[in-house]
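Before any comments, here is the structure.
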């Protein structure tokens, strides 16, 4: 029997877990938090699929390719779109409570960039309800969960470039734990928490899986492409779903005038809001005309979030909004089987780059991607592990990481890394955000490299062993500045504007020079970068 270790318990990890279990694997899911706290819960708008003759798979493919701004792989996009209906039917079979239309069929709404209403939804709680449904199914299947495990590093056999498992800090005890497996699936989510309070993401989205993968020899692709969601609450960056615009919500400027196509692709809408805020000082989302009954039934979460975090009731008042960092298009480069450059290391979900989103993700495709490729990934990882079981070899990673945890406690605390983390978030939002230029990017790169030098002087204040969240957050910060360097180097290298990456000093798209993917990796600890078609 193949043993599959899945790191991360969000939607991508749980779909992969069910698939691997159904394929006959022994499955362990390890994550630093509880499954129901995953970022998947914030995917509110829906999951794309063509379910009737009024739409077509070719249109779905065309919309996705257009949104990707030339960097989407048509073969991979075709796989995703052709398997979309089956993905929806599978979710329906396992109990996802989709909203229904007047005929009792799965209800669909149109999201930005789509040529037809094809986003299947469950009110405005689609991701949350998917997550709970998946978790219930995993518990019924008897899948083993190890929560409170913070990923430290992958265990590698360097001679064969083969992953053997991973090491974790057990947060409750403070001990290091080693978990061996025939294959490892990375499903740790994105890196939106780099933007701190300027992100719709959970504080848990720190990119730990990507950092560990690149240290093990994996390559990262398209790290400069971060999607900014057009409608986050102005004061908190809490997401207001695209479903609000899909249902007919308006975007208004300070003069209460509409100024853009609300259902254009997200990069276009987000930049329009950015420019309008600079010109008039404020932008609002208006859903008042939809009526209280409709809002209560179709958009209950959006109303509740606006009431809690902004102190307004959108049934009667305008919602003040701003663009915020939302989705990481970049991630671990994987092949058609979801495997990285490291043998036996698979990746899926937001931490992976399947080349389906390119330079800008189409709304409604994130949940679709994690279901389609999660099912593929679990099956492929199980088959690979059965065919090539890991050798029983001695490995020093456990000892190295145990010594690292002990050593960190001797770091001085002359510099407060929380202050540096907030500084990083602010300069990222201002200079590696919606609008960028060479000077601003290079200034951020200099600041990142200074933080890397100062890291030994930023140790945790809390020296206790168990339940030391200060220690975990310090290690997370180390991963953040490691990834931040790769993001900024990639952004500096791409001297053009494409999708979510907009350079005011190079506002045109340049297919001749930059029609490929940025690839970053490390050799002997040194950052390397290149373009690849």
Quiz item: When the stretch 506-529 is examined, which residues are found to be touching a helix residue (DSSP H, G or I) at 6+ places or on another chain (Cβ under 8 Å) and either surrounded by fewer than 13 Cβ atoms within 10 Å (Cβ to Cβ) or more than 20 Å from residue 438 (Cβ to Cβ) (or both)?
Solution: 521, 522
Quiz item: For the stretch 506-533, how many residues meet the condition of being assigned to a loop (DSSP other than H, G, I, E, B) and more than 22 Å from residue 449 (Cβ to Cβ)?
Solution: 8
Quiz prompt | Of the criteria (1) touching a strand residue (DSSP E or B) at 6+ places or on another chain (Cβ under 6 Å); (2) in a loop (DSSP other than H, G, I, E, B), which one residue 71 fails | solution = (1)
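For (1) within 22 Å of the chain's Cα centre (by Cα); (2) crowded, with 22+ Cβ neighbours inside 10 Å, each residue gets a yes or a no:
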position	(1), (2)
228	yes, yes
262	no, no
271	yes, no
274	no, no
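To keep it simple, each residue is scored yes or no on (1) in contact with a strand residue (DSSP E or B) (Cβ under 7 Å, 6 or more places away or on another chain); (2) at pLDDT below 95; (3) in a loop (DSSP other than H, G, I, E, B).
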{"position": "252", "(1), (2), (3)": "yes, no, no"}
{"position": "273", "(1), (2), (3)": "yes, no, no"}
{"position": "278", "(1), (2), (3)": "no, yes, no"}
{"position": "314", "(1), (2), (3)": "no, no, yes"}
{"position": "326", "(1), (2), (3)": "yes, no, no"}
{"position": "335", "(1), (2), (3)": "no, no, yes"}
Quiz prompt | One residue from 169, 130, 134 being under 23 Å from the mean Cα position of the chain (by Cα), assigned to a strand (DSSP E or B) and either in contact (Cβ under 8 Å) with a residue 40 or more places away in the chain or surrounded by 15 or more Cβ atoms within 10 Å (Cβ to Cβ) (or both) | solution = 169
Quiz prompt | residue 479 being in a helix (DSSP H, G or I) and either surrounded by fewer than 19 Cβ atoms within 10 Å (Cβ to Cβ) or free of Cβ contacts under 8 Å to residues at least 12 places away in the same chain (or both) | solution = no
Quiz item: Looking at this structure, is residue 434 touching a strand residue (DSSP E or B) at 6+ places or on another chain (Cβ under 6 Å) and buried (at least 17 other Cβ atoms within 10 Å of the Cβ)?
Solution: yes
Quiz item: Restricting the first residue to the stretch 495-517 and requiring it to be under 19 Å from residue 274 (Cβ atoms), which pairs with a second residue that is in a strand (DSSP E or B) meet a Cβ separation below 7 Å and a spacing of at least six or different chains?
Solution: 496/503; 497/503; 500/226; 500/227; 500/228; 502/436; 503/436; 509/498
Quiz prompt | Single unsatisfied condition, residue 54 versus (1) without any contact (Cβ under 8 Å) to a residue 12 or more places away in the chain; (2) outside any helix (DSSP H, G or I) | solution = (1)
Quiz item: Does residue 118 satisfy the condition of being buried (at least 18 other Cβ atoms within 10 Å of the Cβ), in contact with a strand residue (DSSP E or B) (Cβ under 9 Å, 6 or more places away or on another chain) and within 14 Å of residue 52 (Cα to Cα)?
Solution: yes
Quiz item: Considering only residues of the stretch 286-312 that are assigned to a loop (DSSP other than H, G, I, E, B) and on the phi < 0 side of the Ramachandran plot, which is surrounded by the fewest Cβ atoms within 10 Å (Cβ to Cβ)?
Solution: 312
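Residues are listed down the side, and each one gets a yes or a no for (1) farther than 16 Å from residue 241 by Cβ; (2) assigned by TED's automatic domain parsing to the domain that holds residue 25; (3) modelled with pLDDT under 95:
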site: 318; (1), (2), (3): yes, no, no
site: 341; (1), (2), (3): yes, yes, no
site: 345; (1), (2), (3): yes, yes, no
site: 364; (1), (2), (3): no, yes, no
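The values are calculated or read from the model by the stated rules, or taken from the named source; none is laboratory data. This structure is a prediction, so every number in the text was calculated from the model and none was measured. Note that each Cβ is placed from the backbone with ideal geometry, even for glycine, and that neighbours are counted across all protein chains shown.
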